[in-house]
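Let me begin by presenting the structure, written as structure tokens, before commenting on it.
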Amino acid sequence: MHSASWRLQDAKNQFSKLVEAALHGQPQRVTRRGREAVVVLATADYERMLRHEIADRPDFIAHLLAIPRDDVEFAQANLKPRDIEF
């Protein structure tokens, strides 16, 4: 997949060309002050990326089971509750 790069001013001036290229499956990178700032994608490409991201994300139970375990016991603090008047 070919990706074009545009300076921000050029992207503004030729926005319809930028969008047309993105719609044809070519992500368009836009730079600002010489640094990459954004990528313009077709909606279908963006939604496909989101679906893959969500599918690759572990569920909550898998997340909890992946937490490293150690068998160290913690010392229980010897705290006394404070007196409260009602």
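The values are calculated or read from the model by the stated rules, or taken from the named source; none is laboratory data. What you are looking at is a predicted structure, and each value in this text was computed from that prediction instead of being measured. Backbone-built Cβ (ideal geometry, glycine too); neighbour counts: all protein chains shown.
Are any of the residues in segment 59-73 closer than 30 Å to Ala11 by Cβ, among the aliphatic types (A, V, I, L, M) and at pLDDT 85 or above?
Checked against the condition, which is being closer than 30 Å to Ala11 by Cβ, among the aliphatic types (A, V, I, L, M) and at pLDDT 85 or above, segment 59-73 yields no hits at all.
Quick one: which of Val30, Val39 is touching a helix residue (DSSP H, G or I) at 6+ places or on another chain (Cβ under 6 Å), under 29 Å from Gln9 (Cβ atoms), modelled with pLDDT of 85 or more and part of a strand (DSSP E or B)?
It is Val30.
Scan segment 9-16 and tell me whether some residue there is at pLDDT 90 or above, among the small types (Gly, Ala, Ser) and out of contact with any Ser or Thr (no Cβ under 6 Å at 6 or more places or on another chain).
Yes, there is a match, as at least one residue in segment 9-16 is at pLDDT 90 or above, among the small types (Gly, Ala, Ser) and out of contact with any Ser or Thr (no Cβ under 6 Å at 6 or more places or on another chain).
For Gly25, work out the one condition from (1) free of Cβ contacts under 8 Å to residues at least 24 places away in the same chain; (2) not in a helix (DSSP H, G or I) it doesn't fulfil.
(1) is the only condition that Gly25 fails.
Step by step: first the residues of segment 42-86, then only those that are among the basic types (Lys, Arg) and part of a helix (DSSP H, G or I), then the one that is surrounded by the most Cβ atoms within 10 Å (Cβ to Cβ). Which residue is that?
Among them, the one singled out is Arg48.
Any residue that is of a type in the set (Lys, Arg), free of Cβ contacts under 8 Å to residues at least 24 places away in the same chain and within 30 Å of Trp6 (Cβ to Cβ) - is there at least one of those in segment 51-60?
Yes, there is a match, as at least one residue in segment 51-60 is of a type in the set (Lys, Arg), free of Cβ contacts under 8 Å to residues at least 24 places away in the same chain and within 30 Å of Trp6 (Cβ to Cβ).
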